[in-house]
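Contents: one structure, followed by commentary.
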Amino acid sequence: MRHILCIARHAKADIEQVNGKLVDRELTAEGERQAHRIANTVRRRYGTNDLCIDSSGEKRAMDTARCVSHDLGDKPVFEAAYMNSSITPFDAELKQRLESTDHWWGVFLLIAHFAFIDEAYMLVGNEYDFKRLGSIPREFPYGSMVIIDVDAHTVEYVSNDRSP
């Protein structure tokens, strides 16, 4: 059995400020293309069997997850409490999945925002071999992914900035 964690930054969405707060709107046309590229990357590398899609509760992340899900055969999308709560922080959940592979298998695709991808990238940085990274991006672009192969102890950055 394989144990793969794909952590993708949400696709680009229109965001506006209302009363001092950022409010999510719909994915942009480029955001939809980015979501399709995430799905294509996952399908090409791993197929669609044994795939679970989790998302943070932000509208832009959920919209990205729904678009990806549709492209992958309408897989269910789960709103992940560990990405929306300080009770079970994301890094604790991720660390548990990295250390306890006997309780899960398959491909987990997590749609999140930049901070979670950065946390994951740094969490495995000292223990995993990095594949095809080049330089570490200063900020992960919309639709980019960090793919962690838990069994092989490798991490790969996928920019997904090319045409579908």
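Kindly indicate whether Ala35 is within 20 Å of Ser144 (Cα to Cα) and either free of Cβ contacts under 8 Å to residues at least 12 places away in the same chain or out of contact with any Leu (no Cβ under 8 Å at 6 or more places or on another chain) (or both).
Working: within 20 Å of Ser144 (Cα to Cα): yes; either free of Cβ contacts under 8 Å to residues at least 12 places away in the same chain or out of contact with any Leu (no Cβ under 8 Å at 6 or more places or on another chain) (or both): no.
So Ala35 does not fit the description; no.
Can you confirm whether Leu22 is crowded, with 18+ Cβ neighbours inside 10 Å and of a type in the set (A, V, I, L, M, F, W, C)?
Details: crowded, with 18+ Cβ neighbours inside 10 Å: no; of a type in the set (A, V, I, L, M, F, W, C): yes.
It is false that Leu22 is crowded, with 18+ Cβ neighbours inside 10 Å and of a type in the set (A, V, I, L, M, F, W, C).
Just one of (1) touching a helix residue (DSSP H, G or I) at 6+ places or on another chain (Cβ under 9 Å); (2) at pLDDT below 75; (3) of a type in the set (A, V, I, L, M) trips up Ile117, so point out which.
Of (1) touching a helix residue (DSSP H, G or I) at 6+ places or on another chain (Cβ under 9 Å); (2) at pLDDT below 75; (3) of a type in the set (A, V, I, L, M), only one is false for Ile117: (1).
Output the helices (runs of 4 or more DSSP H) that fall wholly within region 1-112 and possess 2 or more residues being among the β-branched types (Val, Ile, Thr) and at pLDDT 90 or above, or say none. Talk me through it step by step, then tell me what you get.
Details: elements: 29-46, 59-71, 90-99.
Those helices (runs of 4 or more DSSP H) span 29-46, 59-71.
Restricted to region 141-162, and to residues that are among the hydroxyl-bearing types (Ser, Thr, Tyr) and part of a strand (DSSP E or B), which residue is surrounded by the fewest Cβ atoms within 10 Å (Cβ to Cβ)?
In the first step, residues of region 141-162 are kept if they are among the hydroxyl-bearing types (Ser, Thr, Tyr); the result is 142, 144, 154, 157, 159.
Okay, now just the ones that are also part of a strand (DSSP E or B), so 154, 157.
Details: Thr154: 15, Tyr157: 19.
Residue satisfying both the conditions and the ranking: Thr154.
The values are calculated or read from the model by the stated rules, or taken from the named source; none is laboratory data. Being a predicted model, the structure only gives us computed values, none of them experimental. So basically every Cβ, Gly included, is an ideal-geometry build from the backbone, and we count neighbours across all protein chains shown.
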